[in-house]
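*Asks:* Sharing a structure below in structure tokens format, with a few things to ask.
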Amino acid sequence: MGTSASNQGPKNINSLLPPWAPELEDDGADIPEEVLDPLPEDPPPVDEPPPDQPAVPDQPPGEVPAAEPPPAPPSLEWRSPKTLLGKLARSGRTGADASRDIRTIARRFVRAHGRARAATNASRSGTRTARSIGAVLGAIAQRGVAETFRRLGLETYLGQSPRVLLTALAEAIIPNGALAEAAIARAAAVEALVELFKRYDVDGRGAEALNALDSAGIAATMQHFVAAYINGRLVNALSIKIEEEALSAQHAVRLERDIKEFVMQTVRLDFGEQDLARLDWNTPEAAKLVDRIVFDGFRLLEVAR
């Protein structure tokens, strides 16, 4: 039952994309603990010594052996969202009935990562991908789609179908990486590009429609990427609990969609007066901006009420 395992990248992105969007490949990469901090399992039981051996071989007869310290329990920070999500999944509640618990789960998820700052620091592929998106979209806004595609070596894709065009653009934007966090960033980037293509009606008007791209369009794409990336991190870390506890596969899918809807509605980023169309995305200023918006995304979940 369920939709995905917690030690793999996201699995349900393809079902959320329009028919012309490229399907994402699953690289099956394991999640290193230092990157995504997956939920710890309960500690294994302490092995009991065989009955014919003393518990402490060197203990003198007649003396009570010193008590061994108990094994360390799993992180209480991680037990909290994991336990609450299990209760929610078993309850069968979805939609508005589940919204309060989902907010609490999201808050505890961020806190289990060491709060928003530590979660942002662990988002290496996420921040790198955000800067790549900003750089390419900024180039399109300044130079036009034809010149930008020429500089990227993608001019042969102009005039082809939106699916082919989006695939080529995604390959140019999204950094390579074998870790699951990189797979989450790739999935979020494709989803954000799909929203960009829909916003400018590339399906109906062709790639030239992107010549109208401006700072507001770049901001909307960046916001969608950050929200989709954070949702990917959240669902990926907790999906094994959904799979184990949900009443049915359909309920598991609905619960994941409810979580995503909450995240996408909660992550509303403020870019201030920054003109994203003219920003040099290779500067420290751009790096600080990306770090801030990713931090703000996690922080909005951390304080959600």
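*Asks:* Restricting to segment 201-218, count the residues that are surrounded by fewer than 20 Cβ atoms within 10 Å (Cβ to Cβ) and either within 20 Å of Gly138 (Cβ to Cβ) or at pLDDT 95 or above (or both). Before the answer, list the steps.
*Replies:* Quick first cut of segment 201-218, residues surrounded by fewer than 20 Cβ atoms within 10 Å (Cβ to Cβ) only: 201, 203-206, 208-209, 211-212, 214-217.
Pick out the ones that are also either within 20 Å of Gly138 (Cβ to Cβ) or at pLDDT 95 or above (or both) and you get 201, 208-209, 211-212, 214-217.
Of the residues in segment 201-218, 9 are surrounded by fewer than 20 Cβ atoms within 10 Å (Cβ to Cβ) and either within 20 Å of Gly138 (Cβ to Cβ) or at pLDDT 95 or above (or both).
*Asks:* Answer yes or no: is there a residue in segment 94-101 that is at pLDDT 90 or above, assigned to a helix (DSSP H, G or I) and closer than 20 Å to Gln265 by Cα.
*Replies:* Of the residues in segment 94-101, the ones at pLDDT 90 or above are none.
Taking every residue of segment 94-101 in turn, none turns out to be at pLDDT 90 or above, assigned to a helix (DSSP H, G or I) and closer than 20 Å to Gln265 by Cα.
*Asks:* Further, regarding this structure: Of the residues that sit in segment 238-258 and are farther than 14 Å from Gly86 by Cβ and touching a helix residue (DSSP H, G or I) at 6+ places or on another chain (Cβ under 6 Å), which one is surrounded by the most Cβ atoms within 10 Å (Cβ to Cβ)?
*Replies:* Kept after step one, since they are farther than 14 Å from Gly86 by Cβ, are these residues of segment 238-258: 248-250, 253-254, 256-258.
Among the residues that remain, those that are also touching a helix residue (DSSP H, G or I) at 6+ places or on another chain (Cβ under 6 Å) are: 256, 258.
On the way: Glu256: 24, Asp258: 20.
That would be Glu256.
*Asks:* Within segment 146-194, restricting attention to residues that are charged (D, E, K, R) and over 20 Å from Ala212 (Cβ atoms), which residue is surrounded by the fewest Cβ atoms within 10 Å (Cβ to Cβ)?
*Replies:* Going through segment 146-194, the residues charged (D, E, K, R) turn out to be 147, 150-151, 155, 163, 171, 181, 186, 191.
Still in the list and also over 20 Å from Ala212 (Cβ atoms): 163, 171, 181, 186, 191.
Working: Arg163: 17, Glu171: 13, Glu181: 23, Arg186: 26, Glu191: 23.
Filtering first and then ranking leaves Glu171.
*Asks:* Can you report the number of residues in segment 105-158 which are among the hydroxyl-bearing types (Ser, Thr, Tyr) and more than 22 Å from Lys288 (Cα to Cα)?
*Replies:* Taking segment 105-158 and keeping what is among the hydroxyl-bearing types (Ser, Thr, Tyr), we get 120, 123, 125, 127, 129, 132, 148, 156-157.
Still in the list and also more than 22 Å from Lys288 (Cα to Cα): 148, 156-157.
Final tally of qualifying residues: 3.
*Asks:* Out of the residues in segment 254-305 meeting the condition of being of a type in the set (Gly, Ala, Ser) and in a loop (DSSP other than H, G, I, E, B), tell me which one is farthest from Ala89 (Cα to Cα). Reasoning before the result, please.
*Replies:* If we filter segment 254-305 for residues that are of a type in the set (Gly, Ala, Ser), which is where we start, we get 272, 277, 286-287, 297, 304.
With the extra rule that they be in a loop (DSSP other than H, G, I, E, B), the set shrinks to 272, 277, 304.
On the way: Gly272: 39, Ala277: 43, Ala304: 20 Å.
Only one residue tops the list, namely Ala277.
The values are calculated or read from the model by the stated rules, or taken from the named source; none is laboratory data. Because the structure is predicted, anything quoted here is derived from the model rather than measured. Every residue, glycine among them, receives a Cβ derived from its backbone with ideal geometry; neighbour counts consider all protein chains shown.
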